Amino acid sequence: MTAKLAVLISGRGSNLQSLIDAMASPSFPAEIALVISNRPKAQGLERAAKAGIPHKVIDHKDFKTREDFDTALDETLRLANIEFVALAGFMRLLTPDFVRKWRDRLINIHPSLLPSFRGLHVHERMIDAGIKIAGCTVHFVSAEVDSGPIIGQAAVPVLPGDTAETLAARILEEEHRLYPACIRLLVEKKARVSGAVVQYDSSVTASGVLQNPPDSD
Ligand code: GRF
C-alpha cells in the first residue's frame, strides 16, 4: 500500500526531485499524488510535469488573508485524499489552524541542525558564526517557524574557505538523502510524535536512518 503524499514548494524543487527519484523505487512506500506551488513560476512545477505528477498553483497573491490561502490549501489537499504533506522549500508561514489540522502528518526540511539557525539566510549566518559542523533536519511542523519534533538529521563539515553557496551545496546533497529516508519512516509509521520528541520503532537505527542516511535503495 502506498501512502499519498503532497509536496509543497515555492521554487527550485531539488528536494521535490529527490522525492520523485526515490519514488521510482518500487519499495518506496509513498507516491507523490500532488505538488502544490504558491508561486506560478516555481521551477519545481516543471519537475512535477516531467514526472507526470499532478501539480497545481495556489497563488497566495490571490487571497486576501493568510487564513483564506490556508483554507484553499487544506481543501485541495483533502480533495486529493492526501495523507501526508511534505514542505520542500515552501516559503509561506502556515497558520496555527492549518498546522493543527495536519498535525503529525506535516513535515519540513530545513538546512541547519535545528534548533540552531531557524529562519532565513541560514547558510550566511552559519558562515558568519564560524560554526564547524552544519547540516540539515527533517522535522514535524509545529506552529513556530522551523520547529517541531525532529525526525532525522545529517551533518556536514564547514570547511575553510566555504562560502554560503559552497556550504549550501554540501548540505543540499545530504538533504536529498535525508528527506526520502525520513518520509519512509513517517509513512511506515516507524517515527511517531511523543510530546516534544519523536519515538522510533525498534527496527530503526541511528547509524542507518536517522543520521546521514545512506542512499536509499
Ligand atoms: C532547501 O535548502 C530546504 O532545506 C529549504 O529550502 C531549500 C529548498 O530547496 N527549506 P529546493 O527548492 O528543494 O531545491
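The values are calculated or read from the model by the stated rules, or taken from the named source; none is laboratory data. These figures come from a predicted structure and were not determined experimentally. Because the Cβ atoms are built from the backbone with ideal geometry, glycine has one as well, and the counts that use them run over all protein chains shown.
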Fill in the blank from the handout: Per the filter on the range 163-208, residues surrounded by 15 or more Cβ atoms within 10 Å (Cβ to Cβ), away from the ligand (no atom under 16 Å from the Cβ), within 30 Å of HIS121 (Cβ to Cβ) and β-branched (Val, Ile, Thr) are VAL193, VAL198
Problem - helices (runs of 4 or more DSSP H) fully within the range 1-118 counting 1 or more residues that are more than 15 Å from the ligand (Cβ to nearest atom) and surrounded by fewer than 15 Cβ atoms within 10 Å (Cβ to Cβ) - result: 43-50, 66-79, 96-101
Fill in the blank from the handout: Those residues of the range 123-142 which are within 16 Å of the ligand (Cβ to nearest atom) and either within 16 Å of the chain's Cα centre (by Cα) or outside any helix (DSSP H, G or I) (or both) amount to ALA134, GLY135, CYS136, THR137, VAL138, HIS139, PHE140, VAL141, SER142
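Kindly indicate which of GLU165, GLU144, GLU173 is among the acidic types (Asp, Glu) and modelled with pLDDT under 95. Walk me through it before giving the result.
Numbers: GLU165 fails: modelled with pLDDT under 95; GLU173 fails: modelled with pLDDT under 95.
That would be GLU144, the only listed residue that is among the acidic types (Asp, Glu) and modelled with pLDDT under 95.
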